[in-house]
Amino acid sequence: MSYKYISMPVHRLIEEFSSDVHKVFEYIDSIYDRIHRVESRVRAFITIVPKEQVYSYVENLIRRVRSTYPLPRLFGVIVGVKDNISTRGIRTTCGSRMLENYIPPYDATTIEKLRNVGMVIHGKTNMDEFAMGSTTETSAFYPTRNPWSLERVPGGSSGGSGAALAAGEASVALGSDTGGSIRNPAAYTMVYGLKPTYGLVSRYGLIAYASSMDQIGPMARNTLDLALTLTAISGHDPRDSTSLPMQPVDYVELLNELLHREPRLKIGILKELFEGSDDEVRKTVYSSVDNLCAYHECVEVSMPYTKEAVAAYYIIAMAEASSNLSRFDGVRYGLKVPVENRSWIDAYTEVRTRGFGYEVRKRIALGAYVLSMGYRDMYYIRALRFRRMLKENLNSIFSKVDVVVSPTMPIPPPKLGEFFEDPVKIYLADVSTVIANLVGYPAISIPAGFWNGLPAGLQIMSKSLSEPILLYLSAQLEERTKLRDLIAEV
């Protein structure tokens with residue numbers, strides 16, 4: 001079995017398949033053989049599409065495009081999809097017993113777009129239940145392990161997507177990011193992850209957690225593949241009322257243009273987020289920042305109230321979750337239980353007790369509490385006011401610098417089970433990532449290096465629709481560090 005395709009970047013795969021379309025089957029074989037060899041240890045997937053079904057899909061695709069050469073832009077590229085994104089005919093569980101047997105009758109807009117450019121979905125990746133978690137340990141089925149260190153977590157909630165990339169089980173992946181759920185696992189699995197500007201990528205078909213912050217985004221093993229995938233999934237969607245009314249953008253073209261011009265930027269180093277990180281993480285990330293500062297101008301900037309941002313995020317997210325998840329009542333949606341000769345309260349209680357795990361039930365309860373009479377103004381309204389103040393503060397910073405940088409995660413990947421002993425610690429670990437979700441701005445996590453064999457990530461954030469700038473800096477850093485297309489020896 002040839003393994004040349006496992007770590008081959010997407011832009012190289014495109015060249016291979018354009019020269020001989022039937023090479024795609026050798027590629028599929030190598031991916032599935034890799035899954036067969038490592039998946040029992042990594043557990044990156046909840047559902048894997050049978051190889052024969054993928055073969056049949058690709059054969060039909062080839063027949064359809066024979067008369068329309070050139071091939072679709074991303075023809076044959078295998079993508080892992082987080083299991084909260086609706087895929088027609090493929091089970092979509094949200095990592096929950098509540099949706100254990102749910103097979104959507106429709107595709108999310110992002111999935112439609114991936115299919116339109118010829119990409120192939122081969123599996124649904126594991127995740128924290130309903131995206132509520134930062135370690136992929138709250139999945140109702142099993143935890144995912146970090147391919148770089150199997151006794152540690154891969155981050156979350158898109159941990160399955162990050163692990164699948166790091167283990168060579170997919171070429172690119174989709175995640176969703178409500179408070180860092182793309183960037184956190186990207187940092188912990190040594191891949192690239194981008195949370196786009198809120199509204200740049202359609203949320204139609206994404207099973208909601210916190211609607212004002214949820215965003216689908218790409219994950220990849222290099223910057224160019226990230227740009228290719230973002231180009232495929234972004235753009236206006238009339239089915240999503242929060243979708244930005246803008247024309248399609250080719251991020252590969254914009255990236256290449258910036259790399260050709262090489263503009264010098266002003267980079268703000270976020271003082272509070274570096275000071276709050278572990279020493280070894282801080283040193284590893286600073287070395288990456290030094291690489292950028294060798295060409296760009298760097299200044300230290302201060303953003304107070306970073307810890308308060310975590311509190312505001314969880315208040316808003318839990319409030320929205322309590323509303324969004326109320327639909328799973330066992331009547332219209334969710335787990336079915338016997339209802340004959342039972343009160344509605346008894347049946348409803350059983351559905352939600354059996355269907356939801358502890359973390360989800362806890363967040364629903366806290367969300368209902370902060371929205372309840374007497375507490376709404378004290379918690380929820382104050383969090384919304386803080387959110388507005390935070391955005392004004394960030395805008396003031398972005399009037400002086402082009403981007404701000406920080407460690408993606410302030411601590412190394414924890415060991416499995418470690419955060420169950422101290423749940424507050426995992427909430428506070430989101431301090432760097434939740435800010436971009438609260439204000440709706442784009443942010444990227446880039447591999448910064450290894451400390452004691454464990455990955456660390458650099459986060460770069462900028463103002464709305466600055467994705468080309470983030471990709472440009474990512475590509476520059478990637479070229480200096482050579483941290484790309486890495487596959488863990490699982």
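The values are calculated or read from the model by the stated rules, or taken from the named source; none is laboratory data. Everything numeric here is computed off the predicted structure, so don't read it as measured data. Because the Cβ atoms are built from the backbone with ideal geometry, glycine has one as well, and the counts that use them run over all protein chains shown.
Overview of values
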| read-out | value |
| --- | --- |
| So Ser158, is it farther than 15 Å from Arg41 by Cα, surrounded by 24 or more Cβ atoms within 10 Å (Cβ to Cβ) and touching a Lys or Arg at 6+ places or on another chain (Cβ under 6 Å) | yes |
| Any hit, region 194-217, residues being assigned to a helix (DSSP H, G or I) and acidic (Asp, Glu) | no |
| Subset tally (residues that are modelled with pLDDT under 95, among the hydroxyl-bearing types (Ser, Thr, Tyr) and assigned to a helix (DSSP H, G or I)) for region 304-321 | 1 |
| Of all residues making up region 453-466, the number that are buried (at least 24 other Cβ atoms within 10 Å of the Cβ) and farther than 20 Å from Lys271 by Cα | 1 |
| Residues located in region 13-60, provided they are outside any helix (DSSP H, G or I) and touching an Asp or Glu at 6+ places or on another chain (Cβ under 6 Å) | Ala44, Ile46 |
| Complete set of residues in region 114-142 that are of a type in the set (S, T, N, Q) and under 30 Å from His11 (Cβ atoms) | Asn116, Thr125, Asn126, Thr136 |
| Residue among Arg41, Arg97 that is farther than 30 Å from Ser19 by Cα, surrounded by fewer than 16 Cβ atoms within 10 Å (Cβ to Cβ) and among the basic types (Lys, Arg) | Arg41 |
| Answer residue from region 438-463, given it is in contact with a Gly (Cβ under 7 Å, 6 or more places away or on another chain) and of a type in the set (Gly, Ala, Ser) and is farthest from Ala312 (Cα to Cα) among those | Ala448 |
| Flag if Ile364 is at pLDDT 95 or above and under 26 Å from the mean Cα position of the chain (by Cα) | yes |
| Qualifying residue in region 191-201 (condition: within 23 Å of Ile6 (Cβ to Cβ), crowded, with 24+ Cβ neighbours inside 10 Å and more than 8 Å from the chain's Cα centre (by Cα)) | yes |
| Residue count, region 378-429 (criterion: of a type in the set (Asp, Glu), modelled with pLDDT under 95 and either in contact with a Gly (Cβ under 6 Å, 6 or more places away or on another chain) or in a helix (DSSP H, G or I) (or both)) | 1 |
| Within region 173-193, tally of residues that are aliphatic (A, V, I, L, M) and assigned to a strand (DSSP E or B) | 2 |
| Residue within region 110-126 that is among the acidic types (Asp, Glu), more than 29 Å from Arg64 (Cα to Cα) and surrounded by fewer than 24 Cβ atoms within 10 Å (Cβ to Cβ) present | no |
| Filter pass, Tyr286 being of a type in the set (Phe, Trp, Tyr), assigned to a helix (DSSP H, G or I) and more than 23 Å from the chain's Cα centre (by Cα) | yes |
| Selection count, region 441-478, where residues are farther than 25 Å from Asn393 by Cβ, among the charged types (D, E, K, R) and either outside any helix (DSSP H, G or I) or in contact with a Pro (Cβ under 6 Å, 6 or more places away or on another chain) (or both) | 0 |
| Test for Thr110: is it modelled with pLDDT of 95 or more, part of a loop (DSSP other than H, G, I, E, B) and either at negative phi or not β-branched (Val, Ile, Thr) (or both) | no |
| Filter pass, Val299 being buried (at least 20 other Cβ atoms within 10 Å of the Cβ) and of a type outside the set (Lys, Arg) | no |
| Boolean, Ala170 is among the aliphatic types (A, V, I, L, M), in a loop (DSSP other than H, G, I, E, B) and buried (at least 24 other Cβ atoms within 10 Å of the Cβ) | yes |
